[in-house]
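Only the coordinates and a few stated rules stand behind these numbers; no lab work does. Note that the structure is predicted; figures quoted are calculated from it, not measured. Using ideal geometry, Cβ is built from the backbone for each residue, glycine included, and neighbour counts are taken over all protein chains shown.
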Amino acid sequence: MSKTWKHDITRCRARKPDGKRCKVDNVKPGYKFCEHHDTDIAALFREPEKCIEIMTGRYPKRHHPACDRKGINDCACHTYSRGAQVMRTIQKAVKDSASALTLYRNKRKLEMRIKVKKIRNYYNGITEAELWLPYKPGFRQFRFFVWDDKQERVVVRVIKDNMKNKATLLKWLRKLAPLHVYYTTSAWLNPQGVGPDPNGKRGRNKFRKKGWSYKMKNYHNAFLWQELYFDVDYCNADYNEGARTLGELMVHLEERATSYGYSQKPTIVFSGGKGFHLIDPHWKMDKVLSETQTKSYHKTDLGEKQLANREWKEALVDNIRNDDILIDYDVTPDPRRIIRLPGTVHGKTLRLCKIITQDDLSWEYSWRSPDKIIGYTPDAPIG
């Protein structure tokens, strides 16, 4: 037991992926981590079976590269074998022990400072013409993921400024040099005030904790409209599988264009990370409803309008799932979903999230049909 520990009650030293410290403060004397995070090298030598059990409970499955249930694990992906879990536990122990060192923290801070400097230099060297904004951006919420050197973690800032034009966007990009920039896929009456869904568990808890009134609940829940968004993620060494999945999705939508209200004039976005976004900016609920349903839809309460939008898109996503097309099934129907903004830098890869055309993709034959897409080669990272 370490003699430097003065109290029996201490706080866990583990940090979550977002950089925040664990809140458990009853760690045993001589220990660095609570029972949930006690997976460093010392813990592995002390109680190896317990460390393996923690890893098995937290990461039980070897997920498919396109699986969107990695945090929930209710999918049909294969379970890790005993031997694989032992190796993963050893790797986790080495990583946890290294991350607790001052040298490791200083190295990470230096890497993040260099990355932020590259991003700032990029934004200082571009013009408004190289940026992109969604339809009526004044009704969207913009979130910047910014590196905080003092807290040694990435913090999320909701931009309170009304992002009506590219000049305002460029001003904030140059000021904050964010690692990631997202915007809401839905339009809201009060976009800067939108948070968790007040009808969901997380939202109800937040409203109760803040003591917000029912009127404010309705005000923050004032949904206006949402276009059609699809997120194609594929965690592979290259982008070819993701590009082929994008082609399968485009074929599926084009074959059902009338019933889906699909305009067949999509905006294709390379995310800068591991996949693509497909956006139909011309899509409206009016296109998929009858005349009577349309009148009823526009007269309904804003909260009911949000629910109707979600239910229709959930049915659409079920059709895509039945065709075994692997996309992020939660993005399309979720009115509170955020998505990466084209024209901004992806903070992990330092590649540009950009709008691309079908000519930028690789094709199997000379004629251009979505089912003949075979890959994509991205541009080099900035800097």
Potential lengthening between E254 and I114 on full extension [0.36 nm per residue; Cα-Cα distance subtracted]: 46.0 nm
For the chain, the dipole about the Cα centre with charges only on Cβ (Lys and Arg +1, Asp and Glu -1), to the nearest 20 debye, works out at 2620 debye
Residue-averaged 222 nm ellipticity for the chain, from DSSP H runs of 4+ at -39500 (n - 2.57), nearest 500: -11000 deg cm²/dmol
Quick check on my link table: of K92/K372; K136/K348; K175/K284; K284/K354, which ones sit more than 32 Å apart, alpha carbon to alpha carbon? K92/K372; K175/K284
How would you order 252-264, 235-247 from highest to lowest mean count of nearby Cβ atoms within 10 Å? 235-247, 252-264
Between the Cα axis of helix 201-210 and the main Cα principal axis of the chain, the angle (0 to 90°, nearest 10) is 70 degrees
The extension gain from D301 to A380, computed as 0.36 nm times the residue separation minus the Cα-Cα distance, is 23.7 nm
What residues qualify as long-range amide H neighbours of L133, i.e. H under 5 Å apart, gap of 5 or more or another chain, H built at 1.01 Å from N? none
Could you tell me how many degrees, from 0 to 90 and to the nearest 10, lie between the Cα long axis of helix 102-124 and the main elongation axis, the longest principal axis, of the Cα atoms of the chain? 20 degrees
Once the principal axes of the Cα atoms of the chain are found, what is the range along each, listed largest first in whole angstroms? 76, 57, 45
With the charge dipole of region 115-376 built from beta-carbon charges (+1 for Lys and Arg, -1 for Asp and Glu) about the Cα centre, the Cα from V269, N165, T300 projecting farthest to the positive end belongs to N165
Of the chymotrypsin sites (Phe, Trp or Tyr not before Pro) in region 73-143, which ones lie in a loop per DSSP and count no more than 10 other C-beta atoms within 10 Å? none
Under 19 Å from K28, Cα to Cα: lysines that are on another chain or at least 8 residues apart: K3, K6, K50
Can you tell me the 0 to 90 degree angle between the C-alpha axis of helix 48-58 and the longest principal axis of the chain, rounded to 10? 10 degrees
Computed over region 73-213, the distribution of all Cα-Cα distances in 10 Å bins, rounded to whole %, is 9, 25, 25, 27, 14, 1
R0 = 30 Å: FRET efficiency of K164 with V94, Cβ-based, nearest 0.05? 0.05
Rounded, prolate or oblate (a/c below 1.5 giving rounded, otherwise prolate when a/b exceeds b/c) for region 41-100 by Cα gyration tensor: prolate
Pop the C-beta distance of R157 and N319 into the FRET formula with R0 = 35 Å and round what comes out to the nearest 0.05. 0.40
Give the lysines whose C-alpha is closer than 16 Å to that of K206, dropping any in the same chain fewer than 8 places away, or say none. K215, K217
If I take every Cα pair under 8 Å that is 6 or more residues apart in the chain, average their sequence separation and divide by the length, what percent do I get for the relative contact order? 15 percent
Long-range amide H partners of F142 with built H, under 5 Å: I159
